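Visitor: One structure, pasted below without further comment.
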DNA sequence: TTGTATGCGTTATCAG
DNA sequence: CTGATAACGCATACAA
């Protein structure tokens, strides 16, 4: 059985297709009674408009493309949650285009694949300023950056400098030596994220302002093994009691493990401040920085929606701040 | 500047739109020379066909929807890689629709959103047999299940029973006591995955066949903290030397950590067999089961493509087997 | 307030 | 082998 079309609905409701289209799109100018009739016909037939036809006729497909790095991290799940919630409320569908690698990015941007045919585009995390200024993206459809900052398009970003500063200000009040573990950034220019540099600069700035210095810094790539190695190295040479700022909860968790193995008491011998507030952080009593990731996604979606609604103003930037959550470990 | 249409191409090439459409779709009946002219015009204009118009006119949009659980796991990255590769080779676009929670699933299946309007549908992991038999999915468009088994639609699945059996057969040859750590399954019926039950049944079956038994079993949810707790509990009561089958590398990694902290030598005092072959497994010398995930995705894509190509046969099931990789830890 | 006609970009049909 | 032209399902300008 064929899917019902707007024609079927019109026929059944005894009205013209124009009227059906109007109630579909809330074009106010429809009498209450006929509106009801149409709505009933729609319900009876279980009719849903064909988005392809909509797109081709009206220029809108009610679809948003999200270019998302496929990083197996809680962060992106939460970001997606915020984005999806907002778009769903506005009755937009969102399709994810996973950026598995650089070649995929090129393909999505270069060719005019489906990603490119949506009403709007959300790009997450990458530093695409160069591409944007070449207007390989700009010209085509409304775009918003999320978890990234730019001056030439709307964006919603996390202020990691402030996050680092909050950690630094708090750490400066604690007794004993100060240490830090940073996450190494990646190599590829395009795929580089500067969040860790930013956390570092905020942290060091706060320490400086408080007249304190780091006794030593360590570095680890973002994986469990490297995290553990860094924890071992740090504790082997650490002067206790001490405070450690681990710029990601993954690092903090490994440090907690290692401390426990050495019979050290977190929050006493070793104070630990993490960053991310992972789901397990509360259970382990980890003092850390919570990021309003969902809100950032939600707001990014609304920036885009306002553009789709016709907003024409200059690029807007929305800043989000991490929040220090003090628990047992520091 | 407007996107070029098939009209623009036709005009520039000095041919009719019908001819352009023919070269676009490889409708053979085009003379070599005109074909070249058209191709050149397409390249000059950087023309790409509008999938929406394609869909509405010819019933095909060359777009595939993938319904994917948003789980922060290497597994899905690899799966996506396999799927994307195959579809790209066939010149299909793929859009991912993230299944953040059950309500989203309902929405994608129930309403006729874009996800539902693609030429084909790939559903990953969930046990959708019920939904499928209600033909809430079946009727609409060609569908393939990946990382899930069903008899009423095409599917490509991982044989976790065999994986467990391979682990069991190998473990049975090792000296000392035998232990295992399993992953707890989730609560929601629909979102439940049976992979861990399957690994368990395969493992226990192999042990039974070899006349050996487990001295104790442990359970952990799928997170770092639970993994560590399980490792601690196990080693606290373990009789050494022993062999432990950890039904996920995450668990195996935690066990390795804990063993090291206690000064035990993996592969000697404690033999460890993991499951997944995570990226770090080789570096840590973890004996584990490797799953051909990319191949599974690739094959699933081809099952769907054959349907799109007109294949009408009965549902096909493709089985994939994990492979035991013996390294240092066991 | 509502119906009708036209156009959107493409494929398919049918002459030529 | 190729060029018109009619659909496809919908939105919208225009007329009533």
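Visitor: When a/c is below 1.5 the answer is rounded, else prolate if a/b is larger than b/c, else oblate, so apply that to segment B:16-107 with a ≥ b ≥ c taken from the square roots of the Cα gyration tensor eigenvalues.
Guide: On the way: a/c = 3.56, a/b = 2.34, b/c = 1.52.
The shape class here is prolate.
Visitor: Okay, next question. If you take the square roots of the eigenvalues of the alpha-carbon gyration tensor of segment A:193-241 and sort them as a ≥ b ≥ c, do you get rounded (a/c under 1.5), prolate (a/b over b/c) or oblate? Each step should come with its number before you reach the end.
Guide: Values: a/c = 3.95, a/b = 1.21, b/c = 3.27.
Oblate, since a/c reaches 1.5 and b/c is not below a/b.
Visitor: Can you put B:157, B:76 in order, fewest other beta carbons within 10 Å first? Each step should come with its number before you reach the end.
Guide: Values: B:157 19, B:76 22.
Fewest to most other Cβ atoms nearby, the residues stand as B:157, B:76.
Visitor: Gap in Å between the Cα centre of segment A:256-311 and the Cα centre of segment A:1-65?
Guide: A separation of 45 Å, based on Cα centres.
Visitor: Then there is this: Rounding to the nearest 10 and keeping the result within 0 to 90°, find how far the Cα-based axis of helix B:74-89 lies from the longest principal axis of chain B.
Guide: So the helix axis and the longest Cα principal axis differ by about 30 degrees.
Visitor: Tell me the Rg and the Dmax, in Å, that the Cα atoms of segment A:160-291 produce.
Guide: Expressed in Å, the Cα Rg and Dmax of segment A:160-291 come to 13.6, 43.
Visitor: Using only the C-alpha atoms of chain B, find the volume of their convex hull and express it per residue in Å³. Working shown, then result.
Guide: Numbers: hull volume 56.8 nm³, N = 330.
Measuring per residue, one finds 172 Å³ for the Cα hull of chain B.
Visitor: GNM, chain A, Cα, under 10 Å: largest mean-square fluctuation among A:311, A:245, A:97?
Guide: Greatest mean-square fluctuation among the candidates belongs to A:311.
Visitor: Figure the gain on full extension for residue B:3 and residue B:223 (residue separation times 0.36 nm, minus the Cα-Cα span) and round it to one decimal in nm.
Guide: Working: separation 220, 0.36 × 220 = 79.20 nm, distance 4.84 nm.
Extra length available between residue B:3 and residue B:223 comes to 74.4 nm.
Visitor: Which shape class applies to segment B:6-58: rounded if a/c is under 1.5, otherwise prolate when a/b exceeds b/c and oblate if not, where a ≥ b ≥ c are the square roots of the Cα gyration tensor eigenvalues?
Guide: Values: a/c = 1.93, a/b = 1.29, b/c = 1.49.
Oblate, since a/c reaches 1.5 and b/c is not below a/b.
Visitor: So which residue, out of A:262, A:35, A:212, gets the largest mean-square fluctuation from a GNM of chain A using Cα contacts under 10 Å as springs?
Guide: A:35
Visitor: Determine, for each peptide in A:148-155, B:170-177, the mean count of other beta carbons within 10 angstrom over its residues, then list the peptides with the highest first. Let's see the in-between values first.
Guide: On the way: A:148-155: 19.2, B:170-177: 15.6.
Per-residue Cβ counts within 10 Å, averaged per peptide and sorted highest first, yield A:148-155, B:170-177.
Visitor: Also, quick follow-up: Just the number, please: percent antiparallel of the DSSP beta bridges in the protein assembly as shown, rounded to the nearest 5.
Guide: Antiparallel bridges: around 10 percent, rounded to the nearest 5.
Visitor: Further, regarding this structure: Hey, rough spin-label estimate for residue B:88 and residue B:210, points 7 angstrom out along Cα→Cβ, what's it come to in nanometres?
Guide: 4.1 nm
Visitor: Something else now. Run through the DSSP bridge list for chain B and note the antiparallel percent, rounded to the nearest 5.
Guide: Details: 3 of 42 bridges.
Of those bridges, close to 5 percent are antiparallel.
Visitor: Same structure again: Average partner chain C-beta neighbours within 10 Å, per residue of B:74-86? All intermediate terms of the calculation are to be shown ahead of the outcome.
Guide: On the way: counts 2, 1, 3, 5, 2, 0, 4, 5, 0, 1, 5, 1, 0.
Mean partner-chain Cβ count within 10 Å for B:74-86: 2.
Visitor: Residues of A:272-282, mean number of Cβ from any other protein chain within 10 Å of their own Cβ, rounded to a whole number? Before the final figure, lay out the partial values.
Guide: Values: counts 0, 0, 0, 0, 0, 0, 3, 2, 4, 1, 0.
Other-chain Cβ atoms within 10 Å of each residue's Cβ, averaged: 1.
Visitor: Measuring label to label, 7 Å along Cα→Cβ, what does residue B:217 give against each other copy in nm, shortest first?
Guide: Distances to the matching label points in the other copies: 5.0 nm.
Visitor: Would you mind giving the mean number of other chain beta-carbons within 10 Å of the Cβ of each residue in B:260-267, as a whole number? Could the numbers behind the result be given before it?
Guide: Working: counts 3, 5, 1, 0, 0, 0, 0, 0.
Averaged over the peptide's residues, the number is 1.
Visitor: Using only DSSP helix segments of four residues or longer, with each worth -39500 (n - 2.57), what per-residue ellipticity at 222 nm results for chain B after dividing by its residue count and rounding to 500? Working shown, then result.
Guide: Working: 12 runs with 139 residues, N = 330.
Counting only the DSSP helices, I get -13000 deg cm²/dmol.
Visitor: Now, a different point. Considering only A:23, A:122, A:146, give the residue with the highest GNM mean-square fluctuation for chain A, with springs between Cα atoms whenever their separation is below 10 Å.
Guide: With Cα springs under 10 Å in chain A, the top fluctuation among A:23, A:122, A:146 is at A:23.
Visitor: Shortest first, in nm, what separates the label point of residue B:261 from those of the same position in the other copies (7 Å along Cα→Cβ)?
Guide: Inter-copy label distances (nm, one decimal, shortest first): 0.7.
Visitor: Hey, another quick one. Once you treat every alpha carbon in segment A:214-297 as an equal point and sum by Debye, what is log10 I(q)/I(0) at q = 0.20, 0.21, 0.22 Å⁻¹?
Guide: -0.86, -0.94, -1.03
Visitor: Can you pull the semi-axes for the protein assembly as shown, root of five times each eigenvalue of the Cα gyration tensor, sorted largest first, whole Å? List each step's numbers first, then the result.
Guide: Details: eigenvalues 457, 221, 106 Å².
They are 48, 33, 23 Å, listed largest first.
Laboratory data are not the source of any read-out in this text; all were calculated from the coordinates shown. This structure is a prediction, so every number in the text was calculated from the model and none was measured. Here Cβ is always computed from backbone atoms with ideal geometry, including for glycine, and neighbour counts include all displayed protein chains.
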